[in-house]
Amino acid sequence: AALMIVFACNLSVVQLRVDDVMRGRVMSVYNVAFRGGMPFGSVLSGYLIKQTSAPVVMIANGVLVVLVAIYFVLFQRKVLKL
């Protein structure tokens, strides 16, 4: 349920921030990134889990997400303003 809420909010923000002329192009890149990136990330995480362990990979993934979030909050504040 939480993922559905996050995806809906994320998609709404993308559509609100993009000009009408570019919306189709941006949405196609967005879909490729999320629908193609998530399976690729799962395969990569699975490979890394076999090399190390699940807790190590999950912690690394969590740290990476937090660092990306901090970057957007500190350096890309215009994305957060609607």
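The values are calculated or read from the model by the stated rules, or taken from the named source; none is laboratory data. Not measured: the values here are computed from a predicted model. Cβ placement follows ideal geometry from the backbone for every residue including glycine, while neighbour counts extend to all protein chains displayed. Remember, those area values only see protein heavy atoms, side chains included, never the ligands or the DNA or RNA. Shrake-Rupley method; radii C 1.70, N 1.55, O 1.52, S 1.80 Å.
Structure notes:
- Long hydrophobic helices in the chain, taken as whole DSSP H segments with a C-alpha length of 27 Å or more on their own axis and mean Kyte-Doolittle hydropathy at least -1.0: 23-51, 54-75.
- Carbon + sulfur, % of accessible area of the chain - ligands and nucleic acids excluded, 1.4 Å: 74
- The chain: calculated mean residue ellipticity at 222 nm from DSSP helix runs of at least 4, using -39500 (n - 2.57): -29000 deg cm²/dmol
- [x] 28, 16, 11; [y] 24, 17, 10; [z] 23, 13, 10, with the label sought being that of the calculated semi-axes √(5λ) of the Cα gyration tensor in Å: [x]
- Computed lengthening from VAL26 to TYR71, 0.36 nm per intervening residue step minus Cα-Cα distance: 14.1 nm
- When all protein chains stay in place and ligands, DNA and RNA are ignored, the 1.4 Å accessible-area order of ARG35, ARG25, ARG17, largest first, is ARG35, ARG25, ARG17.
- Among GLN15, MET27, PHE75 the positive-end extreme of the charge dipole of the chain (Cβ point charges): PHE75
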